[in-house]
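What follows is a single structure, written as structure tokens, with notes after it.
What follows draws every value from the coordinates through simple rules; no lab data is involved. From a predicted model like this one, the values you see are computed outputs, not experimental measurements. So basically every Cβ, Gly included, is an ideal-geometry build from the backbone, and we count neighbours across all protein chains shown.
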Amino acid sequence: MAVMIVPHPVLRRWHRRWGCRDDEAVMPLPGDEFPPEMRLDATHAITIQRPPADIWPWIVQIGANRGGFYSYDLLENLVGCRLRSANQIVPEWQEPSLGDLVFLHPKTPGLPIRILDPQRHFVLAETWDFHLIPINANATRLIVRARGGYQPSLGNRLLNFVVWHALYEPIHFVMERKMMLGIKRRAEREKA
């Protein structure tokens, strides 16, 4: 898949802006004020046929140490995550606080919650943001923005490009798209 996406600028732009309208891809959102080194960025969006209150519980329980990522658990576990994505809302995971850590992997440092605006914005470190934008009483746009630099930098421009653009970006897209679809499925099913 990476071989098809990276060399073609149109496909790369598509996967970095999957589901977004043009205005959503560039709209200022909370978390933008924490600018990381901006070599990698993606803004993805999806419409969920539920109000923010029905989506928020699924977002705040993400993490390797909590409800998983609602993505491809098998792939997550191949890299040692040892997780199983939750299929129910777990009450003890519903009260996060600013500064709490969300772990992407059990052996990596957690991402601190930097912004916590219930049913609106959930921002992790400077790198991963979840935003709920109501469309009407029964539909919401979930916008997920990820930003960052070459961390760790491999010290070589070509090697950085290959690893971060040719490998990381497509893998991130596949996993994040599945996560967003997983949140949508769970939220819409929960109140069906």
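Per-residue ellipticity at 222 nm, computed for the chain from helices alone with -39500 (n - 2.57) per DSSP H run of at least four residues, works out to -8000 deg cm²/dmol. Potential lengthening of the chain between L181 and D100 amounts to 26.6 nm, from the contour at 0.36 nm per residue minus the alpha-carbon distance.
The value of relative contact order for the chain, using C-alpha pairs under 8 Å at least six residues apart, is 30 percent. Considering all different alpha carbon pairs of the chain, the Kirkwood hydrodynamic radius works out to 17.1 Å.
Between W93 and D23, the contour length at 0.36 nm per residue exceeds the alpha carbon distance by 21.9 nm.
With both labels modelled 7 Å from their Cα along Cα-to-Cβ, the L11 to F34 distance reads 3.3 nm. L98 sits among other residues whose Cβ lies under 13 Å from its own Cβ, and their net charge, with Lys and Arg +1 and Asp and Glu -1, is -2.
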